[in-house]
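The values are calculated or read from the model by the stated rules, or taken from the named source; none is laboratory data. Everything quoted here is computed from the prediction, not taken from an experiment. Using ideal geometry, Cβ is built from the backbone for each residue, glycine included, and neighbour counts are taken over all protein chains shown. Areas reflect the complete protein model, heavy atoms only, side chains present, ligands, DNA and RNA absent. Shrake-Rupley method; radii C 1.70, N 1.55, O 1.52, S 1.80 Å.
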Amino acid sequence: GKVREMFELDADRLLMVATDRLSAFDVVFPQGIPGKGRVLTQLSALWFGATRHIVANHLVSDDLGGLGLPGDVRRLLEGRSLVVRRARRIDVECVVRGYLAGSGWKEYQASGTVCGIPLPAGLRLSSRLPEPIFTPALKNDRGHDENVPEAEVRRRLGDAVTDFIKEKSLALYRYAAGVAEKAGMILADTKFEFGFVGDEIVLIDEAFTPDSSRYWPADRYREGEPVDSLDKQPVRDWAERTGWNKQPPAPELPGELIEETARRYADVLDRLRKVLAETAAGAGGGRR
């Protein structure tokens, strides 16, 4: 993957390692963001623990003890690696949008819809939607994911699987939006991946990280204005200003931009860590 490395432990388990690599516009930049992989891993582990009451997931453990790794390798991987159950990926990116932003705002301006779903007239940039909406995309490992109508997902996967991933995606979003609010943030939109472990559909990959979710600081939110999200948005904005054609190779990032992006990732983890730990403990969550 662009960010993660996967290693086979045995027939049933994988070691998923999150690197510090940064990808934007589906291109990996030459420099990484210090600490980014640890933020992604620790947030995912916390969210997997806090959401098991909604849907099962692939996390086995974030403890690398017992894998028989040499000491120097274990120190390298500690904090950025998860042992997960091996799953057959469902090739649909399950996107849930709660606010009008990004490509959704551009489409709404043109047609009054987001991914073909009609929305009320009079919404503005960053408006909260009347209800969160499920806007799936087909996975494409060789290019951009392709937004498709829900009907196309039903045609490919059938009603039972589509109903399950849609219902769980919306439930996960609503739950996490409430948690984010307690941490002083707005969860504008997010995306999930699901897969089969045997006959069971489980949440896989990552959960509610700044790479998969758009977090806005609640105190900076203004309807009708763009909101500076706590993720790699500074890199996207800088890349747009450079006139880069968004084809490899990506340009070298300035040092201050790397530092600012690292700070944003760390900020999300700092804001959520305590709230998530309390939530997971209260829900009886834990690590298998």
key: Residues located in the stretch 6-19, provided they are in contact (Cβ under 8 Å) with a residue 24 or more places away in the chain, assigned to a loop (DSSP other than H, G, I, E, B) and not hydroxyl-bearing (Ser, Thr, Tyr)   = Leu9, Ala11, Asp12
ask   = Residues of the stretch 141-152 being crowded, with 17+ Cβ neighbours inside 10 Å and assigned to a strand (DSSP E or B), which ones?
value = Asn147
message = Yes or no: the stretch 162-175 includes at least one residue that is touching a Leu at 6+ places or on another chain (Cβ under 6 Å), at pLDDT 95 or above and of a type in the set (A, V, I, L, M, F, W, C).
response = no
request  = Taking Ala11 as the residue in question, decide whether it is surrounded by fewer than 21 Cβ atoms within 10 Å (Cβ to Cβ), touching a Lys or Arg at 6+ places or on another chain (Cβ under 9 Å) and over 28 Å from Ala262 (Cβ atoms).
outcome  = yes
task = Would you check if there is a residue in the stretch 108-123 being touching a residue at least 40 places away in the same chain (Cβ under 8 Å) and surrounded by 16 or more Cβ atoms within 10 Å (Cβ to Cβ)?
result = no
inquiry  = Out of everything in the stretch 158-200 that is open to solvent by 30 Å² or more (accessible area, probe 1.4 Å) and touching a Cys at 6+ places or on another chain (Cβ under 9 Å), what residue ends up being farthest from His53 (Cα to Cα)?
reply    = Lys191
remark   = How many residues of the stretch 248-258 are surrounded by 14 or more Cβ atoms within 10 Å (Cβ to Cβ) and part of a helix (DSSP H, G or I)? The answer is 2
ask   = Which residues, taken from the stretch 206-235, are touching a residue at least 60 places away in the same chain (Cβ under 8 Å) and closer than 22 Å to Ile54 by Cα?
value = Glu206, Ala207, Phe208, Thr209, Pro210, Asp211, Arg214
inquiry  = If the requirement is being surrounded by fewer than 19 Cβ atoms within 10 Å (Cβ to Cβ), touching a residue at least 60 places away in the same chain (Cβ under 8 Å) and among the charged types (D, E, K, R), which of these qualifies: Arg97, Arg88, Arg155?
reply    = Arg88
ask   = Checking Asn245 against (1) in a loop (DSSP other than H, G, I, E, B); (2) within 16 Å of Leu22 (Cβ to Cβ); (3) of a type outside the set (Ser, Thr, Tyr); (4) free of Cβ contacts under 8 Å to residues at least 12 places away in the same chain, which single condition isn't satisfied?
value = (2)
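Within the stretch 239-275, track down each residue that is among the β-branched types (Val, Ile, Thr) and either in contact with a Lys or Arg (Cβ under 9 Å, 6 or more places away or on another chain) or farther than 30 Å from Val179 by Cα (or both).
Of everything in the stretch 239-275, those that are among the β-branched types (Val, Ile, Thr) and either in contact with a Lys or Arg (Cβ under 9 Å, 6 or more places away or on another chain) or farther than 30 Å from Val179 by Cα (or both) turn out to be Thr242, Thr261, Val275.
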remark   = Of Val55, Val3, Val60, the only residue that is of a type outside the set (S, T, N, Q), open to solvent by less than 10 Å² (accessible area, probe 1.4 Å) and touching a residue at least 40 places away in the same chain (Cβ under 8 Å) is Val55
